[in-house]
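Peer 1: Before I ask anything, here is the structure I am working with.
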Number of protein chains: 2
Amino acid sequence: MTHTIALVGGTGPEGRGLATRFALAGHRVIIGSREAERAAAAAIAVADRIPDHGDALSGATNAEAVAAAEIVVITVPYDGHVSTIESLRDALAGKIVIDAVVPMRFERGPRPIDVAAGSATEEAASLLPDSRVVGAFHNLTAEGLLDPTTPIDADVLVTGDDADAKRLVCALAEQIDGVRAVDAGPLRFSRFVEQITLLLVGINGRYDAHTGVRIAGLPGGD
Amino acid sequence: MTHTIALVGGTGPEGRGLATRFALAGHRVIIGSREAERAAAAAIAVADRIPDHGDALSGATNAEAVAAAEIVVITVPYDGHVSTIESLRDALAGKIVIDAVVPMRFERGPRPIDVAAGSATEEAASLLPDSRVVGAFHNLTAEGLLDPTTPIDADVLVTGDDADAKRLVCALAEQIDGVRAVDAGPLRFSRFVEQITLLLVGINGRYDAHTGVRIAGLPGGD
């Protein structure tokens with residue numbers, strides 16, 4: 001099934017990386033930004049690397065991107081999380097909103113930002129009572145996502161309280177070559193998933209690697 | 001190199017599981033408990049399942065176990081964490097102390113217990129300024145550890161501020177069949193490692209599995 005997916009704040013490496021992978025999977029992808037020109041430039045940059053899927057990509061303001069999409073992925077830096085979501089609240093009503101934001105800052109290595117709601121995903125859910133909020137994609141490195149020729153060696157841990165929305169997001173994640181989706185529980189588990197990113201960022205620096213997380217021992221093997 | 005390893009509060013499944021694996025690796029293992037009889041019974045139960053290594057196992061009070069060991073692993077339930085460590089503070093001075101405790105309680109699924117120090121491991125480090133505190137082994141399931149015939153399919157994420165102690169603990173972890181040790185950073189990363197356990201416990205319930213965590217994409221492959 002083909003979806004139209006908006007990436008809010010999607011001009012950064014993580015947003016462009018997810019745009020790459022969703023376009024490769026056959027979806028229509030709209031990269032959103034506060035400035036339409038920046039969004040259009042990012043869409044062209046992504047399309048240039050996957051010319052066979054270039055037509056699937058476009059850029060727009062965040063508001064226009066959201067209006068045109070059924071599925072919205074939030075990929076802003078954490079400091080724009082609340083303001084971005086509040087500004088789009090009405091447009092996001094009724095849609096599946098995937099929060100991929102990690103509350104993290106850098107000061108001699110990655111450090112968590114405390115979120116009163118417990119996690120960025122729970123914060124989004126509390127700000128968007130009329131949307132179907134799911135947490136996913138936090139732990140995939142932009143480097144891996146941006147390289148269209150190499151499968152991703154990682155699981156995507158998916159959290160949420162809406163079982164149908166979570167199933168749809170799991171299926172979407174598994175359309176990315178190499179990814180397995182794992183149901184990581186209700187929204188209250190989101191902070192553990194988000195914080196794995198800090199561990200991985202630290203490990204990446206220490207080992208000069210681009211790592212992901214895998215859950216070992218699940219039925220069906222891996 | 002053969003070590004003498006004490007498991008403080010080691011009569012539970014996690015303690016007995018680690019005792020099993022350390023004995024299989026050729027170390028002398030002393031299971032500690034508040035009551036010497038319970039410790040002795042646990043040591044016999046472990047020894048019965050690995051008769052070729054039965055001589056490596058004994059039981060003692062926590063204080064006696066610590067006094068006789070160079071390496072001490074803390075495996076008490078979190079509600080006994082501070083009191084146990086405070087009661088053993090002098091005996092633990094100068095030793096390598098591996099904290100494997102997860103601040104977690106159950107109430108319709110696993111829930112984190114807030115620790116003012118950030119994590120159980122940091123709490124132990126602040127209580128034990130004269131010990132060499134390392135965090136490790138939080139994410140290994142007792143079921144897997146207790147089965148001596150099956151390799152463990154999991155990484156052990158090791159945190160600490162003492163590089164030499166961390167290296168020794170990494171080497172110790174890799175003596176467990178199937179385990180790879182990963183340097184997960186300084187002590188301040190401990191809470192992310194501890195909290196992965198909550199994710200895994202949730203996933204285990206949801207998938208009826210005994211899972212572990214693997215870091216994908218490290219140099220050398222996996």
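Peer 1: Would you be able to tell me the number of residues in segment A:162-180 that are more than 13 Å from the chain's Cα centre (by Cα), among the hydrophobic types (A, V, I, L, M, F, W, C) and more than 16 Å from A:Ser131 (Cβ to Cβ)?
Peer 2: So the answer is 2.
Peer 1: Restricting to segment B:172-186, give me the number of residues that are over 20 Å from A:Asp155 (Cβ atoms), more than 10 Å from chain A (Cβ to nearest Cβ), out of contact with any Cys (no Cβ under 7 Å at 6 or more places or on another chain) and crowded, with 19+ Cβ neighbours inside 10 Å.
Peer 2: The total comes to 3.
Peer 1: When only residues in segment A:187-205 that are open to solvent by 10 Å² or more (accessible area, probe 1.4 Å) and more than 7 Å from chain B (Cβ to nearest Cβ) count, which is farthest from the chain's Cα centre (by Cα)?
Peer 2: A:Gly205
Peer 1: Sticking with this one: Looking at A:Ala163, A:Ala136, A:Ala171, A:Ala116, can you tell me which residue is closer than 18 Å to B:Gly202 by Cβ and without any contact (Cβ under 8 Å) to a residue 24 or more places away in the chain?
Peer 2: A:Ala163 is the lone residue from the list that is closer than 18 Å to B:Gly202 by Cβ and without any contact (Cβ under 8 Å) to a residue 24 or more places away in the chain.
Peer 1: Another one. Kindly indicate the residue of segment A:206-222 that is without any contact (Cβ under 8 Å) to a residue 12 or more places away in the chain and either among the hydroxyl-bearing types (Ser, Thr, Tyr) or more than 9 Å from every other protein chain (Cβ to nearest Cβ) (or both) and also least open to solvent (accessible area, probe 1.4 Å) among those meeting that condition.
Peer 2: By that ranking, first place goes to A:Gly221.
Peer 1: Sticking with this structure for a sec: Mind checking which residues of segment B:105-140 are out of contact with any Phe, Trp or Tyr (no Cβ under 7 Å at 6 or more places or on another chain) and among the aliphatic types (A, V, I, L, M)?
Peer 2: To start, the set of residues in segment B:105-140 that are out of contact with any Phe, Trp or Tyr (no Cβ under 7 Å at 6 or more places or on another chain) comprises B:105-112, B:114-119, B:121-140.
Once the filter is applied, which keeps residues that are out of contact with any Phe, Trp or Tyr (no Cβ under 7 Å at 6 or more places or on another chain) and among the aliphatic types (A, V, I, L, M), segment B:105-140 yields B:Val115, B:Ala116, B:Ala117, B:Ala124, B:Ala125, B:Leu127, B:Leu128, B:Val133, B:Val134, B:Ala136, B:Leu140.
Peer 1: In contact with an Asp or Glu (Cβ under 8 Å, 6 or more places away or on another chain) and more than 10 Å from every other protein chain (Cβ to nearest Cβ): is that true of B:Val169 in this structure?
Peer 2: When the stated conditions are applied, B:Val169 does not pass them.
Peer 1: I'd like to know if segment A:37-47 contains one or more residues that are under 13 Å from A:Thr11 (Cβ atoms), of a type in the set (Asp, Glu) and open to solvent by 10 Å² or more (accessible area, probe 1.4 Å).
Peer 2: yes
The values are calculated or read from the model by the stated rules, or taken from the named source; none is laboratory data. Remember, predicted model here, so these are calculated numbers, not experimental data. Cβ: placed from backbone, ideal geometry, glycine included. Neighbour counts: every protein chain shown. Keep in mind that these areas ignore ligands, DNA and RNA; they rest on the heavy atoms of the full protein, side chains included. Shrake-Rupley method; radii C 1.70, N 1.55, O 1.52, S 1.80 Å.
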